[in-house]
Amino acid sequence: MTARSFGPVIVVHGGAGKAATDVVEARRAGVRAAVMNGWQTLTAGGSAVEAVEQAVKMLEDDPAFNAGRGACLNRDGEIELDASIMDGRDLAAGAIGAVKRIVNPVTLARAVMEAGGPILLVGEGAQQFAAAVGIQECAAEALVTERQRARWTALRQECAESVGTVGAVALDRAGHLAAATSTGGLPLKAPGRVGDSALIGCGTYADDQLGAAGCTGDGEAIIKLTLAKTALEFLREGEEPMEAARRAVRELTARTGAEVGIILLDRYGRIGVARNTAQMACAWIREGNIDPEIFD
């Protein structure tokens, strides 16, 4: 029996982990706004790539999330950002790592993808590319929130709250899939550290023949199992999307004990979501049910 396509679908997440009580509602509101933004792009005839970029940009602009403005600070008290995006039509992908002073890293990742050269640019090379394509830098302090500065100071003494990545996966009216991910990384991370969010197949993957997936959580563990691609291979084996997501998280938990979450779509637009963390704010919209479904 052939699965039926559900038409346009978009799913977003705001990161796996335990959020402070004062930001839980802010994140629920944030994923709702982001999924609505991506859905509007899809219903206006936009592509899946455009939809995931627009959704993730909204999360990057929201200081409640660990991406763009509001990202966590590294060991030196600076913000370094990772992001990636992938187009399931032709496996085109773009990613950036350890960039500074860029308001919307996902847009820079898309520019890398569309340039058609290297897939991953990091550090100063990524900054130079941004300037070459007209993506302006902002002041470093423009990305730092009072909350994250206070958190950095506290975490230097004792780690407490855990926050993750943001991301989106979408299926457009033409049946094409895309995924995008963005993050500030780990609190107090070593300068120059790049996690799974910038690595295609680890934090992000999209293939029209399989599905689209986005991951969040312990980046080093996600890298070890190339989690996004692994989850999609479970779809190839015939797993239903929800079970594929759960199986991927179970396997990573068994092998590493790390905390992670994943969102995915199969090529028919069926949704899979799983986590082994206390929370993972998510929202989705699909054709025939345009009121966002939101859950933690």
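Quick check on region 102-112. Is at least one of its residues free of Cβ contacts under 8 Å to residues at least 24 places away in the same chain and among the β-branched types (Val, Ile, Thr)? Reasoning before the result, please.
Narrowing region 102-112 to residues free of Cβ contacts under 8 Å to residues at least 24 places away in the same chain: 112.
Among the residues that remain, those that are also among the β-branched types (Val, Ile, Thr) are: 112.
Checked against the condition, which is being free of Cβ contacts under 8 Å to residues at least 24 places away in the same chain and among the β-branched types (Val, Ile, Thr), region 102-112 yields at least one hit.
I'd like to know if region 46-59 contains one or more residues that are modelled with pLDDT under 95 and surrounded by fewer than 24 Cβ atoms within 10 Å (Cβ to Cβ).
Here is the first cut: in region 46-59, the ones modelled with pLDDT under 95 are none.
No.
Within region 254-279, count every residue that is of a type in the set (A, V, I, L, M), at pLDDT 95 or above and either in contact with a His (Cβ under 9 Å, 6 or more places away or on another chain) or more than 12 Å from Cys215 (Cβ to Cβ) (or both). Steps first, please.
So the first thing to find is which residues in region 254-279 are of a type in the set (A, V, I, L, M), and the list is 254, 258, 260, 262-265, 271, 273-274, 278.
Going one step further and asking which of them are at pLDDT 95 or above, we end up with 254, 258, 260, 262-265, 271, 273-274.
Next, only the ones that are either in contact with a His (Cβ under 9 Å, 6 or more places away or on another chain) or more than 12 Å from Cys215 (Cβ to Cβ) (or both) stay: 254, 262-263, 265, 271, 273.
Total satisfying the criteria: 6.
Might you check whether a residue that is in a loop (DSSP other than H, G, I, E, B), basic (Lys, Arg) and either out of contact with any helix residue (DSSP H, G or I) (no Cβ under 6 Å at 6 or more places or on another chain) or on the phi > 0 side of the Ramachandran plot (or both) occurs anywhere in region 58-73? Lay out the reasoning, then the answer.
The first filter runs over region 58-73 and keeps only residues in a loop (DSSP other than H, G, I, E, B), leaving 62-73.
With basic (Lys, Arg) added as a condition, the list becomes 69.
Filter once more, keeping what is either out of contact with any helix residue (DSSP H, G or I) (no Cβ under 6 Å at 6 or more places or on another chain) or on the phi > 0 side of the Ramachandran plot (or both): none.
No - not one qualifying residue is present in region 58-73.
Residue-wise test of (1) surrounded by fewer than 14 Cβ atoms within 10 Å (Cβ to Cβ); (2) in a loop (DSSP other than H, G, I, E, B).
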position: Gly97; (1), (2): no, no
position: Val103; (1), (2): no, yes
position: Val112; (1), (2): no, no
position: Ala126; (1), (2): no, no
position: Ile135; (1), (2): no, yes
position: Thr153; (1), (2): yes, no
position: Pro187; (1), (2): no, yes
position: Ala190; (1), (2): yes, yes
position: Arg193; (1), (2): no, yes
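Taking Thr216, is it polar (S, T, N, Q), under 23 Å from Lys18 (Cβ atoms), out of contact with any Lys or Arg (no Cβ under 6 Å at 6 or more places or on another chain) and surrounded by fewer than 17 Cβ atoms within 10 Å (Cβ to Cβ)? Break it down stepwise before answering.
Working: polar (S, T, N, Q): yes; under 23 Å from Lys18 (Cβ atoms): yes; out of contact with any Lys or Arg (no Cβ under 6 Å at 6 or more places or on another chain): yes; surrounded by fewer than 17 Cβ atoms within 10 Å (Cβ to Cβ): no.
So Thr216 does not fit the description; no.
Let me confirm something: among Ala231, Ala174, which residue is farther than 25 Å from Gly125 by Cα, in contact with a Leu (Cβ under 7 Å, 6 or more places away or on another chain) and of a type in the set (A, V, I, L, M, F, W, C)? Let's see the steps before the verdict.
Details: Ala174 fails: in contact with a Leu (Cβ under 7 Å, 6 or more places away or on another chain).
Exactly one residue qualifies, and that residue is Ala231.
Just one of Ala221, Ala168, Ala245 is touching a strand residue (DSSP E or B) at 6+ places or on another chain (Cβ under 7 Å) and farther than 25 Å from Ala20 by Cβ; which is it? Walk me through how you get there before you give the answer.
Values: Ala221 fails: farther than 25 Å from Ala20 by Cβ; Ala168 fails: farther than 25 Å from Ala20 by Cβ.
One residue alone meets the criteria, Ala245.
Select, from Asp291, Asp218, the only residue that is under 14 Å from the mean Cα position of the chain (by Cα) and of a type in the set (D, E, K, R).
Numbers: Asp291 fails: under 14 Å from the mean Cα position of the chain (by Cα).
Testing whether each residue is under 14 Å from the mean Cα position of the chain (by Cα) and of a type in the set (D, E, K, R) leaves just Asp218.
Are there helices (runs of 4 or more DSSP H) fully within region 212-262 with at least 2 residues that are free of Cβ contacts under 8 Å to residues at least 24 places away in the same chain? List them. Outline the logic, then answer.
Numbers: elements: 219-224, 227-236, 241-256.
The helices (runs of 4 or more DSSP H) meeting that bar are 227-236, 241-256.
Would you pick out the residues in region 276-296 that are part of a strand (DSSP E or B) and farther than 26 Å from Leu91 by Cα? Let's see the steps before the verdict.
Taking region 276-296 as the starting set, the residues that turn out to be part of a strand (DSSP E or B) are 279-286, 289-295.
If the condition is that a residue be part of a strand (DSSP E or B) and farther than 26 Å from Leu91 by Cα, then Gln279, Met280, Ala281, Asn289, Ile290, Asp291, Pro292, Glu293, Ile294, Phe295 are the ones that fit.
Could you list, in sequence order, all residues of region 113-126 that are free of Cβ contacts under 8 Å to residues at least 40 places away in the same chain and over 15 Å from Ala178 (Cβ atoms)?
Listed by number, the residues that qualify are Ala115, Gly116, Gly117, Pro118, Leu121, Glu124, Gly125, Ala126.
The values are calculated or read from the model by the stated rules, or taken from the named source; none is laboratory data. Every value quoted in this text rests on a predicted model; they were computed, and no experiment measured them. Heads up, the Cβs are rebuilt from the backbone with ideal geometry, glycines too, and the neighbour counts pull from every protein chain shown.
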